[in-house]
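Here is the structure we will look at.
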Amino acid sequence: MNITREQIGTLHEQITITFTPEDYRLAVDKSLKTLQHKIQEPGFRQGHVPMGIINKKYGKSVLVDELSKMTNDKMINFLQENHINILFEPIEKLDTTIGDFDNPQDFVFTFEIGIRPELSIDYVKANKIDNYKIIATEEEINAEEHNLRKRLGKFASTEEVAAEDMLLTTVQPEEGEEFTSSLVLTYVKDDQVKKFIGKKLHDTIKIDTTTIFKSDYERSTFLKTKVEDLENAPKKVSIKIDAIHHMEPAELNDEFFSKAFPDGSIKDEQALKDNLKQQIELRYVNDANIIYRNKVMDCLLENTTIDLPDNFIKEYLLRNDNKYNKDNIDEQYENIRKSILFQLLEDKISQDCQINIDRDAVVNYIKDYIRMSYFGSTTEMEKEQEEQILRLTTEMMKNQENVKNAYENLFMEKLTEGLKKQINPKLKEIDYQSFIKEITQVAENDNKPQKTKSAKTSKKQQTKESTNSEQLSLDL
């Protein structure tokens, strides 16, 4: 057996493996003898079929299988022993294969490989990129406090309609029979709520149900019908206010704090505001991280020289992906190349930052996701709640799509943390509205026509991503 290696292009090599009969004969004979013990043929007892019949009937297919296994093993060992890291898989050059399976003698198999480029990243190039910390404003904190107090408040009947009230009404369509329904003012568009504010008990109001509600869901709820049946539902109706229920926000007293924080962690308004501030800012972390990570990756790509075995990659895709053919491969290759370069850079950063994500990390990530989704916090809950979280986590881990999504999101978090450790960026504190304004302005400036078109993710796309934080797509 002989293996030769020849360079045929940039990071593009040819590997030739030659087998003589002495290399494969023992393996083929052994496989045929094993087969002889298993095969049943008419006129012979199992295990007593003459080797001549076995060889005539199965010899060629066994030879093909054994040479295939030997070729694969030799290729893997050769790459490992010579510390050759490759892109994709070797391409077998069938037009240069030498050998006759009907009259086996020497066999020569030729493969092309693409060498994975070695990267060296200069992280200093990205140290001027701001690491945003989005700060909760007093207005946001007060709004969160108000919402929490309302959730733990009590309904009280009143004589006059105020914002966010729930109205019990008798509905009279222009055509059809009257019915009773509840109208929650939070379902109504902001610019339409004023029609109700100040109305008294037993007042009558005419409304157009096609324009007053925030969405079809709210309209269908009020009209007591399915969304898909709204086309035939009443449009203009008169409503008579039969009762007005007003949610009185809970007082900030011991009863409120014991209900809202049964673990006793929050006992006064200042501690509450501090906690709400922390929770609001936690929700913004992903937005800031996406922008920072994308900017850094763009910068590092622009400042990292990476050669690729372009001819090999094209040939590999033409053979293995039905999307590509000789007519479109050159046109689409630039985007393919960018994707490969990005992945190589990501892999190198992962290596530099020693990112390692095991099953326990994925489990804990999903637990935190459930805590935040159900309880609005990632802090550990009481025993009964933690048992519920564990049951949900166990169920979600059975879905491989959940595990994959959790791993990918966790990897992105670790990648961002690693970049920050490597770069040690300057922290820029900013409120969310200013953050959106600033990154939108950057996107507009970076996408002006006179600018050279970026070879990476556009800033507009980054902005779009940032306003939709990386969400874990899990099936609850």
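The values are calculated or read from the model by the stated rules, or taken from the named source; none is laboratory data. Small disclaimer: the values here were computed from a predicted structure and weren't measured. Counting neighbours? That spans all protein chains shown, and the Cβs are built from the backbone with ideal geometry, glycine included. Surface accessibility is based on the protein's heavy atoms, side chains included, excluding ligands, DNA and RNA. Shrake-Rupley method; radii C 1.70, N 1.55, O 1.52, S 1.80 Å.
Against the conditions (1) in a strand (DSSP E or B); (2) open to solvent by 50 Å² or more (accessible area, probe 1.4 Å), GLU175 satisfies every one except (1).
Consider the range 231-279 and keep the residues that are among the basic types (Lys, Arg), outside any strand (DSSP E or B) and in contact (Cβ under 8 Å) with a residue 40 or more places away in the chain. The one that is farthest from ILE134 (Cα to Cα) is LYS235.
I'm checking my understanding of the structure. Among residues of the range 396-411 that are of a type in the set (A, V, I, L, M, F, W, C) and within 22 Å of ASN289 (Cα to Cα), which one is surrounded by the most Cβ atoms within 10 Å (Cβ to Cβ)?
Step one: of the range 396-411, the residues of a type in the set (A, V, I, L, M, F, W, C) are 396-397, 403, 406, 410-411.
Add one more test, that the residue is within 22 Å of ASN289 (Cα to Cα), and what stays is 403, 406, 410-411.
Details: VAL403: 18, ALA406: 23, LEU410: 19, PHE411: 15.
Result: ALA406.
Name every residue in the range 319-346 that is among the hydroxyl-bearing types (Ser, Thr, Tyr) and under 16 Å from CYS299 (Cα atoms), in order of residue number. Matches in the range 319-346: SER339 only.
Conditions (1) under 30 Å from PRO117 (Cβ atoms); (2) at pLDDT 90 or above; (3) open to solvent by less than 70 Å² (accessible area, probe 1.4 Å), marked per residue:
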| residue | (1), (2), (3) |
| --- | --- |
| THR16 | yes, yes, yes |
| PHE44 | no, no, no |
| HIS48 | no, no, no |
| GLY52 | no, no, yes |
| LYS57 | no, no, no |
| GLU66 | no, yes, yes |
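Just one of the numbered conditions (1) more than 36 Å from the chain's Cα centre (by Cα); (2) in contact (Cβ under 8 Å) with a residue 24 or more places away in the chain is not true of LYS195: (2). I'd like the full set of residues that are within 19 Å of SER373 (Cβ to Cβ) and open to solvent by 20 Å² or more (accessible area, probe 1.4 Å), limited to the range 264-288. Within the range 264-288, ASN275, GLN278, GLN279, GLU281, LEU282, ARG283, TYR284, VAL285, ASN286 qualify. Taking the stated definitions as given, is GLU144 under 30 Å from LEU276 (Cα atoms) and crowded, with 17+ Cβ neighbours inside 10 Å? Against the criterion (under 30 Å from LEU276 (Cα atoms) and crowded, with 17+ Cβ neighbours inside 10 Å), GLU144 qualifies. Scanning the range 412-471 for residues that are open to solvent by 90 Å² or more (accessible area, probe 1.4 Å), at pLDDT 65 or above and part of a loop (DSSP other than H, G, I, E, B) yields ASN424, LYS426. Would you pick out the residues in the range 317-331 that are under 26 Å from the mean Cα position of the chain (by Cα) and open to solvent by 100 Å² or more (accessible area, probe 1.4 Å)? Within the range 317-331, ASN322, LYS323 qualify.
Within the option set ASN322, ASN289, ASN294, ASN303, being without any contact (Cβ under 8 Å) to a residue 24 or more places away in the chain and not aliphatic (A, V, I, L, M) holds for one residue only, ASN322.
What's the total number of residues in the range 68-99 that are among the aromatic types (Phe, Trp, Tyr) and loosely packed, with under 11 Cβ neighbours inside 10 Å?
Within the range 68-99, the subset among the aromatic types (Phe, Trp, Tyr) is 78, 88.
Restricting the remaining residues to those that are loosely packed, with under 11 Cβ neighbours inside 10 Å gives none.
So the count comes out to 0.
Looking at ASN77, ASN72, ASN103, ASN131, which is the one that is under 30 Å from SER434 (Cα atoms) and either without any contact (Cβ under 8 Å) to a residue 12 or more places away in the chain or of a type in the set (S, T, N, Q) (or both)? Walk me through how you get there before you give the answer.
Values: ASN77 fails: under 30 Å from SER434 (Cα atoms); ASN72 fails: under 30 Å from SER434 (Cα atoms); ASN103 fails: under 30 Å from SER434 (Cα atoms).
Only one candidate passes the filter, namely ASN131.
PHE155 fulfils the conditions (1) open to solvent by less than 30 Å² (accessible area, probe 1.4 Å); (2) in contact (Cβ under 8 Å) with a residue 60 or more places away in the chain except for a single criterion, (1). The set of residues in the range 331-369 being among the charged types (D, E, K, R) and touching a Lys or Arg at 6+ places or on another chain (Cβ under 8 Å) consists of LYS338 alone.
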